[in-house]
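Everything on this sheet refers to the single structure shown next.
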Amino acid sequence: MTAQQEIVPVRSEVPAIADLARTVEDLISQGLDEQALTAAVRTELERALAEGFELPAEQVAPDPVRYVMYPLHVAADGSFSIASAVWDVGQGTPVHGHETWGVVGIYSGVEVETRYEKPSVPDVPLVGQGTDEWGAGQVTVCCTTDDDVHQVRCGGDQPVVGIHVYGADIGTLPRRSYDPETGAVHWFTSRWA
């Protein structure tokens with residue numbers, strides 16, 4: 001496993017993201033269990049997307065080589081982060097886990113998510129659990145610490161931008177990627193753009 005990097009706090013200048021961050025911080029401070037917390041964060045992210053907001057162009061720009069994650073908010077204590085995750089047409093992720101909870105809302109474009117059963121033993125092929133398409137304004141609890149393996153990709157002819165809220169600084173957190181054919185695990189960290 002790779003070591004966790006130093007957390008560098010980030011504060012968004014976008015009012016809707018700053019408001020969302022304050023609300024998530026308040027929800028975390030209430031000590032809710034993970035299911036209640038992710039349900040509440042989902043509701044707040046749905047509200048923010050429905051009300052609408054504009055991210056700066058540099059926080060929605062695709063990279064021509066790979067998907068990117070821009071930090072919109074990173075709590076100083078690493079308790080949560082909010083990211084703008086951008087996939088260009090034809091781009092996707094490896095099959096991976098998060099090692100924390102996560103809620104994803106689509107800001108623009110279409111994301112295709114393929115879910116897998118979290119392996120209980122090493123080096124066994126992964127079992128698929130279905131595929132969903134998520135469009136602008138839709139929000140899902142993408143992961144919890146006990147159910148957390150998926151692959152995502154751009155599903156349309158324009159880049160997809162998702163607003164991701166995680167229960168850790170996702171840009172420094174060591175996570176697992178999986179070979180779905182063999183179950184082999186590789187540790188990685190999604191570095192911030």
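The values are calculated or read from the model by the stated rules, or taken from the named source; none is laboratory data. Given the structure is predicted, the values throughout are model-derived calculations rather than measurements. When we count neighbours, we look across all protein chains shown, and the Cβ atoms used for this are built from the backbone with ideal geometry, even at glycine.
A few comments on the model shown:
- So CYS142, is it at pLDDT below 95, within 16 Å of THR93 (Cα to Cα) and either among the basic types (Lys, Arg) or under 15 Å from the mean Cα position of the chain (by Cα) (or both): yes
- Members of segment 29-48 that are over 15 Å from THR144 (Cβ atoms) and either without any contact (Cβ under 8 Å) to a residue 40 or more places away in the chain or touching a Phe, Trp or Tyr at 6+ places or on another chain (Cβ under 7 Å) (or both): SER29, GLN30, GLY31, THR43, GLU44, ARG47
- Looking only at residues in segment 145-193 that are in contact with a Leu (Cβ under 8 Å, 6 or more places away or on another chain) and aliphatic (A, V, I, L, M), the one that is surrounded by the most Cβ atoms within 10 Å (Cβ to Cβ) is VAL165.
- Once segment 102-144 is narrowed to residues that are among the aliphatic types (A, V, I, L, M) and in contact with a helix residue (DSSP H, G or I) (Cβ under 9 Å, 6 or more places away or on another chain), the residue that is surrounded by the fewest Cβ atoms within 10 Å (Cβ to Cβ) is ALA136.
Here is a yes/no grid of residues against (1) touching a Cys at 6+ places or on another chain (Cβ under 9 Å); (2) over 16 Å from ILE163 (Cβ atoms); (3) of a type outside the set (Asp, Glu):
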| residue | (1), (2), (3) |
| --- | --- |
| GLU44 | no, no, no |
| PRO71 | no, no, yes |
| SER81 | no, no, yes |
| HIS96 | no, yes, yes |
| ILE106 | no, no, yes |
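- Residue match in segment 110-127 (condition: at positive phi and touching a Leu at 6+ places or on another chain (Cβ under 6 Å)): no
- Each residue in segment 53-68 was checked for being loosely packed, with under 10 Cβ neighbours inside 10 Å and touching a residue at least 60 places away in the same chain (Cβ under 8 Å), and 0 of them qualify.
- Members of segment 5-32 found to be of a type in the set (D, E, K, R) and under 19 Å from TRP101 (Cα atoms), listed by number: ARG22, GLU25, ASP26
- From the options GLN129, GLN151, residue that is polar (S, T, N, Q) and either more than 24 Å from ASP63 (Cβ to Cβ) or more than 12 Å from the chain's Cα centre (by Cα) (or both): GLN129
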